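Notes to accompany the following structure.
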Amino acid sequence: MSDHPFVPLQWNELPPTTMLEAAEENYAFLKKRRTTRHFSTRPVERRLIELAILAGSTAPNGAHLQPWTWVAISQQELKGHLREAAEAEERKTYDERMPEAWSEVLQPLGTDAVKAHLTDAPWVVVLFKQKKRQRENGHWGPTYYSTESCGIAAGMFIQAVHTMGLVTLTHTPSPMGFLREILGRPSHEEAMLVMPVGYPADGAEVPDIHRKTLSEVAVFME
Ligand code: IYR
């Protein structure tokens, strides 16, 4: 007998028509998700953010080390501080560091160094990936696939936010070192994504973009 017990998988078979309906419904729902930069300041209760974080934290991950820390900020002063620091980095990125090949693809999306969403949204969630973990013997060891794990977790968080009728934006100020400093995270944690969460502002807009078709994104080998 293994020292590590297994338990039965909780799984219910769905009838084929229900499977198809569920799949169609889920896709129709996800298709409506959009990233807007226009947030309302309307408050959102903390429990909703907790549930989105818990949903994100169900993600499959490397060696089940769950290598993530979510920092959820609603303090207005701290959000202001983050915005100032993010905008300082982003001004350098947009004005000096961004090659033309990059700015050309960002132009249709209307992004710039102004990050009003960091102070407008009632919550800003910063996802840190843990690059190391403390072993039972007290020594530090690596985590595995922490980037992939946190990427999946972020996707599930985004879906949870959409399911509860709120919006989020994946903001990637670069470089992100300032986030660890401002939020007082330890050196083995690295910020990956900044996700303001809230209601869209009245009149919120999104760029008029289109998603690739199935045949553009997938190859089936049957
Ligand atoms: N990090 C910057 C720039 C930016 C980069 C990509 I790639 C985007 O899809 C959007 C923005 C920012 O967050 O504005």
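Extension gain, residue 208-residue 105: 0.36 nm per intervening residue step, less the Cα-Cα distance, totals 35.7 nm. Largest GNM mean-square fluctuation across 175, 186, 15, computed for the chain with C-alpha springs under 10 Å, falls on 15.
For the stretch 107-222, the square roots of the Cα gyration tensor eigenvalues, ordered a ≥ b ≥ c, give a/c of at least 1.5 with a/b no greater than b/c, which places it in the oblate category. Using 1/(1 + (r/R0)^6) with R0 = 45 angstrom and r between the beta carbons of residue 32 and residue 3, what's the FRET efficiency to the nearest 0.05? After rounding to 0.05, the efficiency reads 0.45.
Which lysines have a Cα lying under 16 Å from the Cα of residue 212, excluding residues fewer than 8 positions away in the same chain? Residue 212 reaches 31, 32.
Neighbours of residue 186 by Cβ distance under 14 Å: Lys/Arg scored +1, Asp/Glu scored -1, total +3. The simple Förster model, with R0 at 35 Å and r as the Cβ-Cβ distance, assigns residue 74 and residue 147 a FRET efficiency of 0.80.
Quote the relative contact order of the chain in percent (integer), defining contacts as alpha-carbon pairs under 8 Å separated by 6+ residues. Don't skip to the end; give the middle numbers.
Details: 294 pairs, mean separation 70.4, N = 222.
Once normalised by length, the contact order is 32 percent.
With springs only between Cα atoms under 10 Å, which of 135, 42, 34 fluctuates most in a Gaussian network model of the chain? Maximum fluctuation in the GNM of the chain, among the listed residues, is at 135.
Straight-line reach only, C-alpha to C-alpha below 26 angstrom: list the lysines that residue 79 could link to, leaving out same-chain residues fewer than 8 apart. Output for residue 79: 92, 115, 129, 131.
Sorting the segments 160-166, 113-119 by their residues' average number of neighbouring beta-carbon atoms within 10 angstrom, most packed first, yields 113-119, 160-166.
When the dipole is taken about the Cα centre of the chain, and only Lys, Arg (+1) and Asp, Glu (-1) are charged at their Cβ, what size is it in debye, to the nearest 20?
So the dipole magnitude of the chain works out to roughly 480 debye.
May I ask you to derive the FRET efficiency for residue 134 and residue 50 from their Cβ-Cβ distance with R0 = 35 Å, giving the value to the nearest 0.05?
So the FRET efficiency works out to roughly 0.90.
Checking the a/c ratio against 1.5 first, then a/b against b/c, what shape does the Cα gyration tensor give for the chain? Since a/c reaches 1.5 but b/c is at least a/b, the shape of the chain is classed as oblate. Taking the chain as a Gaussian network of alpha-carbon nodes connected by springs under 10 Å, the highest mean-square fluctuation of the residues 100, 50, 148 belongs to 100.
Each of 101, 75, 150 was placed along the dipole of the chain (beta-carbon charges, centred on the mean Cα), and the one lying farthest toward the positive end is 75. Per-residue ellipticity at 222 nm, computed for the chain from helices alone with -39500 (n - 2.57) per DSSP H run of at least four residues, works out to -11500 deg cm²/dmol. Residue by residue, the stretch 101-108 carries 3J(HN,Hα) couplings of 4, 7, 4, 4, 7, 7, 3, x Hz when phi is fed to the Karplus relation 6.51 cos²θ - 1.76 cosθ + 1.60 (θ = phi - 60°); x denotes Gly or Pro.
Read the figures in this text as sums done on the coordinates, not as results from a lab. On a predicted model such as this, the values are computed, not experimentally measured, just so you know. Here the Cβ is made from the backbone with ideal geometry for all residues, glycine too, and neighbour counts use every protein chain on show.
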